[in-house]
1. Regarding V225, is this residue touching a strand residue (DSSP E or B) at 6+ places or on another chain (Cβ under 6 Å) and closer than 30 Å to K5 by Cα?
2. Among the numbered conditions (1) farther than 16 Å from P186 by Cβ; (2) touching a residue at least 60 places away in the same chain (Cβ under 8 Å); (3) out of contact with any helix residue (DSSP H, G or I) (no Cβ under 8 Å at 6 or more places or on another chain), tell me where G259 comes up short.
3. Filter the range 56-74 for residues that are outside any strand (DSSP E or B), of a type outside the set (V, I, T) and closer than 18 Å to E44 by Cα and give the result.
4. If I ask for residues that are within 14 Å of the chain's Cα centre (by Cα) and open to solvent by less than 10 Å² (accessible area, probe 1.4 Å), which ones from the range 145-162 would you list?
5. Filter the range 7-55 down to the residues that are free of Cβ contacts under 8 Å to residues at least 60 places away in the same chain, within 23 Å of P186 (Cα to Cα), more than 13 Å from the ligand (Cβ to nearest atom) and buried (at least 24 other Cβ atoms within 10 Å of the Cβ) and list them by number.
6. Going through the range 217-243 one residue at a time, which ones are open to solvent by 10 Å² or more (accessible area, probe 1.4 Å), part of a loop (DSSP other than H, G, I, E, B) and under 22 Å from G153 (Cα atoms)?
7. Being more than 22 Å from G118 (Cβ to Cβ), in contact with a helix residue (DSSP H, G or I) (Cβ under 6 Å, 6 or more places away or on another chain) and of a type in the set (A, V, I, L, M) is the filter here; which residues of the range 39-65 pass it?
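The values are calculated or read from the model by the stated rules, or taken from the named source; none is laboratory data. Note that this is a predicted model, so its numbers are computed, not measured. Here the Cβ positions follow ideal geometry from the backbone for every residue, glycine too, while neighbour counts run over all protein chains shown. Quick note on the areas: whole protein, heavy atoms, side chains included, nothing else; ligands and nucleic acids left out. Shrake-Rupley method; radii C 1.70, N 1.55, O 1.52, S 1.80 Å.
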Amino acid sequence: MESLKGKVVLVTGASAGIGEACVRAFAGAGAAVVAAARRRKRLEALAEELRKTGGRVLPLFLDVRDRACVDATLSALSPEWAAVDVLVNNAGLGRGLDKLHEGDPAEWEEMLDTNVKGLLFVTRRVLPGMVARGRGHVINIGSVAGRETYPGGGVYCASKFAVRGLTRALKMDLTGTSVRVTTVDPGMVQTEFSKVRFRGDEARAAAVYKNLEALRPEDVADAVVWAASRPARVDVTELVLMPTAQSGATLVHRGALKGG
Ligand SMILES: NC(=O)c1ccc[n+]([C@@H]2O[C@H](COP(=O)([O-])OP(=O)(O)OC[C@H]3O[C@@H](n4cnc5c(N)ncnc54)[C@H](OP(=O)(O)O)[C@@H]3O)[C@@H](O)[C@H]2O)c1
């Protein structure tokens, strides 16, 4: 295992769910963490909380969809924070569960702008430094939705298929460098994801996780930290994590598991 102490880690979508869990896990492992998202108060509270236990966390307010904002914000980082060793491209969302012919194009734009273009904008800004320094690791949070489709998930799935394709292409582009590339693809994780997808409809969001034990954000963060802490010769290119109760994008068992 390689130590993460003193490494600089940039996590997008750090104000909730998987991203927040990644910030906690990397800070706990001694890394200096740039925690990026739009919700300022949440990031400040997280940074403040972790500072009390010796964590080094820098809140960074940015909307990954806004290329000018990404460029300006990341290029304004001081040298001690700018030399990012690990980039966790996690910011993302689903919107709605409509059939394609009934879907809202504004929601499609939001998903594609965040999940695909946002990932590209941030990576484009951070990766040249990694290549120049001869070290670095890009970890994308994909999804099982990037491996199989499900009804009503067309554009979200397309965005995550894109993440998987970009991860593979990036690995090829980086051949001959020491920069590693990983996609971590979870099944159902209990976060604010469904609340966001259903625009705050708590009952509909709760129904997604009813009678099954979903992954917890910290389970995904564990996998991310594990991939980041392999010896430099090891590139974990793909990791798929499912709740034990889930066997496919649309196959979940609700209720007690046999032997559980
Ligand atoms: N939950 C699941 O079942 C699941 C399964 C597989 C994959 N994933 C993926 O995991 C990632 C994290 O999702 P989650 O489940 O942790 O959801 P979440 O709890 O809703 O967290 C999403 C995070 O993304 C940030 N974000 C959204 N749009 C952004 C933007 N334009 N700019 C910057 N940050 C933005 C949000 O922060 P702000 O609103 O403060 O900006 C928030 O911190 C996503 O890529 C998602 O697709 C989730």
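1. No; evaluated as a whole, the condition is false for this residue.
2. Just one mismatch for G259, condition (2).
3. L62, D63, L74
4. Of everything in the range 145-162, those that are within 14 Å of the chain's Cα centre (by Cα) and open to solvent by less than 10 Å² (accessible area, probe 1.4 Å) turn out to be A145, G146, S159.
5. Scanning the range 7-55 gives A27, V33.
6. Listed by number, the list holds a single entry, M242.
7. Listed by number, the list holds a single entry, L50.
Per-residue answers, yes or no, for (1) within 18 Å of V70 (Cβ to Cβ); (2) in contact with a Cys (Cβ under 7 Å, 6 or more places away or on another chain); (3) free of Cβ contacts under 8 Å to residues at least 40 places away in the same chain:
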{"position": "G92", "(1), (2), (3)": "yes, no, no"}
{"position": "G96", "(1), (2), (3)": "no, no, no"}
{"position": "E107", "(1), (2), (3)": "no, no, no"}
{"position": "N115", "(1), (2), (3)": "yes, no, no"}
{"position": "G118", "(1), (2), (3)": "yes, no, no"}
{"position": "I141", "(1), (2), (3)": "yes, no, no"}
{"position": "A169", "(1), (2), (3)": "no, no, yes"}
